[in-house]
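We did not get these values from a lab; they are worked out from the coordinates using the rules stated. Bear in mind that the values here come from a model prediction, so they are computed numbers and not experimental data. Backbone-built Cβ (ideal geometry, glycine too); neighbour counts: all protein chains shown.
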2 protein chains.
Amino acid sequence: MQDPSSSRQNIPWFNAQSSTHHTNNPDTFTSTSPSFELLENGTLSHETDAAQASVPYAEGTTIDWHREEAAERERKRNLHAQSGLRGLMAPILDSARMWLVIILTGIGIGIAGAWLDILVKWLGDLREGRCAHNLFYNQVACCSGLDPGEVCKEWQTWSEYFGISSILGSSLLQAWVYTSLAILFAGGAAVLVVTYAPYAFHTGIPEIKAILRGYVFDAFLSRWTLLIKALGLALAVASGLSLGKEGPLVHVACCMAFLFARMFRLKYNESQKRKLLAAAASAGVSVAFGSPLGGVLFGLEELDTFAFSNEIDVMWRGFVTSVIAAVSLQWVDPFGTAKLVLFQVTAGSDTWRAFELVPWLMLAVIGGLVGSLLIRLNAAAAVYRRNSSIHEWPVLEVVGFSALTATVCYLVVFLRVQSSELVSNLFQECDPIKGDFHGLCNPTAVWRNVFLLVLTAAVKVLLTAWTFGMMVPAGIFLPTIAIGACIGRAMGILTQELQRAYPAAWIFASCPPDPTVRCVSPGFYGVVGAAAMLGGVTRMTVSLVVIVFELTGALSHVLPIMISVVVSKWVADALGKDGIYSVWIAMRQYPWLPPSEYRDQGQIAGQIMKPAHDLIVVVDDQTTSLKELLDFARKHGFHGFPVVSGEMLVGFVVREKLRAHLERLITEDVDGALNETQQWTFIKSAARANPELVNLSSLLDEAVLQLRKEVPLQLVVNMFQKMNLRHVLFSQAGKLTGLVTKTDIVWLVTAHLPHTGALAGEI
Amino acid sequence: MQDPSSSRQNIPWFNAQSSTHHTNNPDTFTSTSPSFELLENGTLSHETDAAQASVPYAEGTTIDWHREEAAERERKRNLHAQSGLRGLMAPILDSARMWLVIILTGIGIGIAGAWLDILVKWLGDLREGRCAHNLFYNQVACCSGLDPGEVCKEWQTWSEYFGISSILGSSLLQAWVYTSLAILFAGGAAVLVVTYAPYAFHTGIPEIKAILRGYVFDAFLSRWTLLIKALGLALAVASGLSLGKEGPLVHVACCMAFLFARMFRLKYNESQKRKLLAAAASAGVSVAFGSPLGGVLFGLEELDTFAFSNEIDVMWRGFVTSVIAAVSLQWVDPFGTAKLVLFQVTAGSDTWRAFELVPWLMLAVIGGLVGSLLIRLNAAAAVYRRNSSIHEWPVLEVVGFSALTATVCYLVVFLRVQSSELVSNLFQECDPIKGDFHGLCNPTAVWRNVFLLVLTAAVKVLLTAWTFGMMVPAGIFLPTIAIGACIGRAMGILTQELQRAYPAAWIFASCPPDPTVRCVSPGFYGVVGAAAMLGGVTRMTVSLVVIVFELTGALSHVLPIMISVVVSKWVADALGKDGIYSVWIAMRQYPWLPPSEYRDQGQIAGQIMKPAHDLIVVVDDQTTSLKELLDFARKHGFHGFPVVSGEMLVGFVVREKLRAHLERLITEDVDGALNETQQWTFIKSAARANPELVNLSSLLDEAVLQLRKEVPLQLVVNMFQKMNLRHVLFSQAGKLTGLVTKTDIVWLVTAHLPHTGALAGEI
């Protein structure tokens, strides 16, 4: 057995045979999802067959899709092979249980999303006042049932409640309650997260993406995380911090699916589990945006759920879960509107004019630039936090920053309201009947409004850059939409003002001649601005357009949205190729492979391959003892080892399987027939030739994929992306020449990013 | 050089190294798409480098994705590598040209689809009468501008026009014109197709599916096919044959993209071309159903466009093309409604009752059974036609069958109207204001209506089963929808009648007590029936639900649609696993691999592998002459040959490349330095050792993927599906053990289907 003298040992990424270098919280990592264990049914006689025995993956490793799929195939075959009625019913029951979990997850996340909305609305309104006849009513519920024009007396601001009439006194009290409750809510969320479920912080989408592609991280989906993420999310959103609920809802949906799967004892293995999680993630997006189709497409595009399976089933399950979740949400009807959409957009003018493409293209460019800036600021903030002492005091950080946020926001009217309310109003066209939102439609206050909107956007960029990464559940979608909507509305107001000032200019010739008819619809500029900003931050395309499209409804308005999304993506891509989720994945160093096409510059696989003489391999020379082999398996932490005989490649053996088998062999050896010093072989023919040797050939994975090292690098990356491989062995004329693991490929593809690995192993 | 003594020679599928066994029309097959040739720019100095020279594929072969992708990478690198401004502009121009083609295709198919609708409506109405003031107006256009209640006098039936007043005379004249024009239109379509473009017949979707997965079939996309398919489609639909325009529109869109790509001299290779066609296909569906999202999802699910690339770009391009096509269609506005939807559905009651699930489930089961029956009848009809003398007289067949269709249809009122009009009315709820469609809403004629609807469905099943496969452009979607709508409406009427008869029964307790309020909406039953029938025939899931969903609009109604689609698919799957397109692909024996997961029964690759001793290989023993090698390359029609030295695998050489290189070597050998009898080698070290040998190593593809024959069969199928491979070599300790080609895998996966290969090589 040879030991490597690798000169690359100091680069963590080249400890590539194993992915266990993530030093995660040991407490939460001891449970390894017992209910997902494969083939716990002893009657299937797999306990005795070493080659079939399943080995649970340790947290932080990457699953072997090929092995998992083979195990699933074996499980299905065994289900069908049972005799009599059992053989007939078992597969149906198996499938029915899966669908039960999917339907329950859909219903669960729909209801959870609805109640979250209700809770947030109530907590948020509580910061401004209370309902006289019932503390648990929010402002809308409290004032419902009034005639138009009637003033709502049931809803009291805190100063009214405490009977303070002086203007200074009431202002101070309002500001004090507003800020205190913000601190209380945010601090509460942080305490919950830090104490009970550290994985409940942040958006969760980077982790979900990594998990879906094979990363093992069951603690991220525990029931505590579910509870704390949902509760903490409500508190965090209500606190007025610059964050949204969209990403965390996806995480909550995945936790829910995991919980239900355990509850109904779905005996899924790791690859099946991921297909279930993919469906749940789609449902999360469906509920977050009220858009079931957007959810499916988000699953396809951003979560890349299609990549790990060519089964149309995955898409179908995602679709069913999304629809059920959306219907459940509509059934609870949190906003009392019987509508799914978050932000009702008034159709405004049914048509748009060609000259409007100019401001929209400007918005797209601004969206790309600001989106790219936000990503950079956010990454810089995260790295700074990690390397400073702030990292030691997460709750204090949240409390301090929420105090700062509340104070700053109380001063600017557009910042003071809840983000969702702000966006909702920015997307509305001005309509004298509906009333004016804080003077937004006042034609004499154009410059004040533009200034306030730009200020709001700028402050929100700074606040969001720091907030997204604190120890509270936090999504990036809503703040991004709010920033974009502010910029867009400002641009819309300016364009409208220009058109009103020069109605006869040739560029405005397509406007209706009647000056009372609106030509420019600033509300729709807000939508375009939001789409552009989202494009710059997330770099999504189809799913983004679909989600925004479902907000507006008019097909003719898809064209401008599409143009703004794609231009903003181009601009942002020129400044840095990856969206915010990819940047976070790289910073936290999850073994995730971007689905985008990798183009090499003529390199071959040999250039990134770990050559054979640097590899730790099992040498099958039939001279070493079982004891030595066991020691070897215990000593090296890698996932597995190539087995060679001389220089010839024999196969690959998984370490855990080898260790478990050897330990069983040695401890069960009661009659002393098997000696620790006995020699062994993996080669069938050698075992046959020499019956003295212990035959380990059943452990060997002979069916290994072999490549030549002259293969273009692009092809190797492509194979890892599409086949979800864990490693590939290279050989030349039967001799082992090297090994490439997924980790090597991830390193290759993400090395260019700034801050790669800066947050690895955090928490 | 060894020759095989294969015992499987008589099975056509085992001539597996080559796919050229499709004996297609030699006339149309001589052109091999010159504008798609790779690297025609001589400055790139590839003409001299034999290893890089591109070889056009012959029609009927399968492309090598791996090679095409490598060539595209090389082309991109060369574009960027040009010096100065050219290096800066060339990639931008390249991309701009691609987008131009995409946008033009979108606009083109949108306008073509709109004009097709107008043409069909006019031709169809012409069968019943004419517009008095302008022959070129259809009935709606002719009668527009009337006040409600006013009778349209401008539109004259033919008997009115010719002034025939006797009832018998007018009936006979009407029937005669109706039938004659039907025969004229259908016959015209058949003559056009048979004379000018035989590939314009049928739906085109099976061929598009095969092309997208790598089948080379450029004649299918020629400009003649485009023209004839569009014209013939209008004639065929107007003739009243039981066919629709949806599938053929996808074909037309692909022809259009191909035409524009040639026009703008897009120097795309085969893999890039397919990505363009995928976008066009989505646009075709988008126009056919007025549903851009349905188009993208159809592309993903049915055409499997995602499988050949992990680039999100493919999805994005499809989405952009779909939206542009839909907007263009809306702009032309063929129905004058400013709406995209084909069949406006009245929302009916906003809610549905639990007891309705019973009739809906029955509809789903019926849809699955009838759908499966339709597939079987259609396949049987196609096989019968092929083996009988009908096959020799395609135009006569169309004329005769259209006469039969017209005669039968003229007798039943629901069959006489155009299918789209029938479906549109079946989906409408009864509304006294809108008038009654041929007595459908007459409450006293329940049994008459149910009988007529079931009769209509039954006749349409028989007519469609024969029509889909005649020598006219024909889609299966609309007839399927019509059959389903008839059955669904009949079920709805029965349910409504039952509820009205027993309003107090406990099962109807959830209905409103007021008997004048409608409880059951028969129109929506029509939608459910159509969805179920489509599910049974096409076996689509997500895209089907989305397309039907966009017809109804109400989210709460997605649940019943979803349930009916999935139940109908289950029922139909139990009776035969493949949808109608898969059955046709198998019958015509295209090298297409279903994307569904293949599960082996424990087999290994070795069991389907063509073993080494049966393969025709190039033996590199440095003793044969160039002449002999050239003769060898000319003699064997395979795509390429493994090169072995002794038993050791050296690499793979593509036949066309080898032949072209050898011919150049021998003909260019003016000074006689190179002798035909000279010996050669592919092995670099051998060439270095012996300078006498002609070094052919630049032709060799060393970077071959090698597997061991112990690999599970499932993994091999999976690799072919996901990596789009053309062949895989098997080796053991460096020795060639065998070869598996895509054709073998296709055979393996489709062998179970009835009638596999029954229509191979037709036309």
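Here are the numbers:
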read-out	value
Nearest-0.05 FRET efficiency for residue A:502 and residue B:380, computed from C-beta distance (R0 56 Å)	0.20
Contact order relative to length of chain B, as percent, for alpha carbon pairs under 8 angstrom and 6 or more apart	17
Inter-copy spacing of residue B:383 label points, which lie 7 Å from Cα along Cα→Cβ, given in nm from shortest upward	6.7
Among B:586-594, B:474-482, B:221-229, the order from most to least packed when residues are scored by Cβ within 10 Å on average	B:474-482, B:586-594, B:221-229
Neighbouring partner chain Cβ atoms per residue of A:558-571, average, 10 Å criterion	2
Computed E for residue B:196/residue B:153 - FRET, C-beta separation, R0 25 angstrom, nearest 0.05	0.05
Most to least packed among A:288-298, B:175-185 [average Cβ atoms within 10 Å]	A:288-298, B:175-185
Shielding of B:294-303 by partner chains, average beta-carbon count, 10 Å	2
Residue-span extension gain [residue B:607 to residue B:162] - 0.36 nm each, minus C-alpha spacing	152.8 nm
Sequence-distant lysines (8 or more away, or on other chains) whose Cα lies within less than 21 Å of residue B:610	B:635, B:709, B:735, B:742
Sparse-neighbour loop sites [trypsin sites (Lys or Arg not before Pro); the stretch B:230-270; at most 15 other C-beta within 10 Å; DSSP]	B:265
Share, in percent, of DSSP beta bridges within the protein assembly as shown that are antiparallel, nearest 5	75
Residue order, fewest to most beta carbons within 10 Å, for B:115, B:584, A:447	A:447, B:115, B:584
Sorted peptide list for B:489-502, B:523-536, A:84-97, criterion being average Cβ within 10 angstrom, highest first	B:523-536, B:489-502, A:84-97
A:635, B:735, B:275 arranged by Cβ crowding within 10 Å, fewest neighbours leading	A:635, B:735, B:275
Residue-averaged beta-carbon neighbours from other chains (10 angstrom radius) around A:314-321	4
The stretch A:605-750 - percent relative contact order, Cα under 8 Å, separation 6 or more	28
Debye equation applied to the C-alpha atoms of the protein assembly as shown, log10 I(q)/I(0) at 0.05, 0.06 Å⁻¹	-0.44, -0.64
Calculated label separations, residue B:411, copies of the chain, 7 Å along the beta-carbon direction, nm	8.7
Sum of side-chain charges, residue A:620 neighbourhood, beta-carbon under 12 Å (Lys, Arg +1; Asp, Glu -1)	-1
Of all DSSP beta bridges in chain A, antiparallel share, percent nearest 5	75
Cysteines not pairable in the protein assembly as shown (beta carbon separation under 4.7 Å absent)	A:254, A:255, A:409, A:486, B:254, B:255, B:409, B:486
Cα-based shape type of the stretch B:392-588, given that a ≥ b ≥ c are square roots of the gyration tensor eigenvalues and the cut on a/c is 1.5	oblate
Other copies of residue B:462: label-to-label distances in nm, shortest first, labels 7 Å along the beta-carbon direction	8.1
Straight-distance crosslink candidates among lysines, where the alpha carbon sits under 27 Å from residue B:121 and sequence neighbours closer than 8 are dropped	B:153, B:229, B:245, B:339, B:434, B:460
Residue-averaged 222 nm ellipticity for the protein assembly as shown, from DSSP H runs of 4+ at -39500 (n - 2.57), nearest 500	-17500 deg cm²/dmol
Prolate/oblate/rounded call for the stretch B:108-173, Cα gyration tensor, a/c under 1.5 rounded	oblate
Exposure proxy ranking, count of Cβ atoms within 10 Å, fewest first, for A:391, A:639	A:391, A:639
